Each structure stands twice: as structure tokens, then as C-alpha cells.
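Here is the structure we will look at, set down as C-alpha cells.
The values are calculated or read from the model by the stated rules, or taken from the named source; none is laboratory data. Keep in mind the model is a prediction, meaning the values are calculated, not measured. Note: ideal-geometry Cβ built from the backbone for every residue, glycine included; neighbour counts use all protein chains shown.
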Amino acid sequence: MKPQGLRLLAATAAILLSALGVFTATASSVIPLDLNQITASAQHVVHVRCTGNEVQPDPAVGAVTVTTFVVLDRAKGTGTSTFTVRQAGGELNGLAVDYHVPKFAVGGEYVLFMPPPSKWGLASPVGLSQGAFSVVQGKDGKEVGNGSDFAMLLASTDSAAVPPKLAARLKRAPQERGRADLTDFMTLVRAKAATK
């Protein structure tokens, strides 16, 4: 199919899917979730490193981005040493389709809270960016964060269940509570996953 024909097909599919209500969710309409809700909604919680992104044509949504990861740690769910995420959107043959789903950089580390795939085999992290935590090097080791204040993420968590280093961080100013120690975070998530 010629690029012009593909663009016309993708535009027609987007208009049709929009009319059917497929695109009703936007980033501004995502309800804020706490860590209990994010964990409970996830089928898998995995600490991963991104190994690749490939955009493929898809008859339902026009294009999908298939992201592959190597699993470094698993807090919830079972599976192999690799993990694959298929999300709606991507750039294919010069046509970009953006559903405002999280994007992952090759080589980057993340902790992903993933729901079961849809009937189309697609899944994005729980609450979109709320369920995609970036892992970065902190001054005392690896830290994790999703852009939210951990005091808000842990608002419904029993303070006795919060690991000591994370509890100390929660006493800091709001701008200093956006990240947590990766080991403490995974320990907390494992405990939450075990009680669900």
C-alpha cells in the first residue's frame, strides 16, 4: 500500500474509532490513584530494563508500539525473564498516532504496574503514567518515582508498613518526596501484592 493510502486508512480508522468512543480517555481525565489502588489493579509488577521499541501496523488502532524488556525483579505476577508491552500508538510510515501513553527509552529502567491485556492484546500501565515508575541513580543507590509525591501515593498505607528510609523521606518537604529507594519500594509493593 502506498504511503498516501496508508495515511488515508489511518485517518479513517482514527475518525471511526473516535466516533465509537475509543478515544474518550485523556491524560486530564485519569483519576489520581494511590499505591494500594495501583498495586491492586496490576496483574504484573515488574522492575525492568527496556531493550527495544518497534511500531507495528494494527487493524484496530492503526499502529501499536511493542516494547520489550528484560525483567530484573518481579513483585507481582508470574512469567519469564522477558516482558512485552503492546500499547496503542506510534509513528508508522510518517504518520504519528499519539494516545498519550507512557513511552520507554531503550536502556532505561522502570517499575511497571501492568493490568491484563485488553481483548485486542493491548495494555498500558495502570493509570497510564501513574503505573510507570522511572528508576534513576540516587546519591545512595537506585531510586524510583512517577512524578507524584510519595506522601500522596502512600496516603492510605498504614505508616507501620512503610520501610524506615521511606518513612524518613516522607517527613521532608514536598519537592523532596518524589522518589523512594528502589529496594524499599519493591519490598512495600511485594507486601501490598501479598495482601490482595
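Summary table below
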item	result
Number of the exception - P116 against (1) surrounded by 14 or more Cβ atoms within 10 Å (Cβ to Cβ); (2) closer than 27 Å to F185 by Cβ	(1)
Search result, residues across segment 143-191 that are of a type in the set (K, R), surrounded by 15 or more Cβ atoms within 10 Å (Cβ to Cβ) and either farther than 21 Å from Y110 by Cα or within 18 Å of the chain's Cα centre (by Cα) (or both)	R179, R190
Single condition D98 does not satisfy, out of (1) free of Cβ contacts under 8 Å to residues at least 60 places away in the same chain; (2) surrounded by 16 or more Cβ atoms within 10 Å (Cβ to Cβ)	(2)
Flag if S129 is crowded, with 21+ Cβ neighbours inside 10 Å and under 11 Å from the mean Cα position of the chain (by Cα)	no
Boolean, T39 is out of contact with any helix residue (DSSP H, G or I) (no Cβ under 7 Å at 6 or more places or on another chain) and at pLDDT 95 or above	no
Unmet criterion (only one of (1) more than 21 Å from T187 (Cβ to Cβ); (2) surrounded by fewer than 16 Cβ atoms within 10 Å (Cβ to Cβ); (3) of a type in the set (S, T, Y)) for T78	(1)
From A96, A40, A60, residue being within 14 Å of A123 (Cβ to Cβ), hydrophobic (A, V, I, L, M, F, W, C) and more than 13 Å from the chain's Cα centre (by Cα)	A60
Segment 68-84 residues that are touching a residue at least 40 places away in the same chain (Cβ under 8 Å), paired with ones that are among the charged types (D, E, K, R) (beta carbon under 7 Å, 6 or more apart)	F69/R49; A75/R190
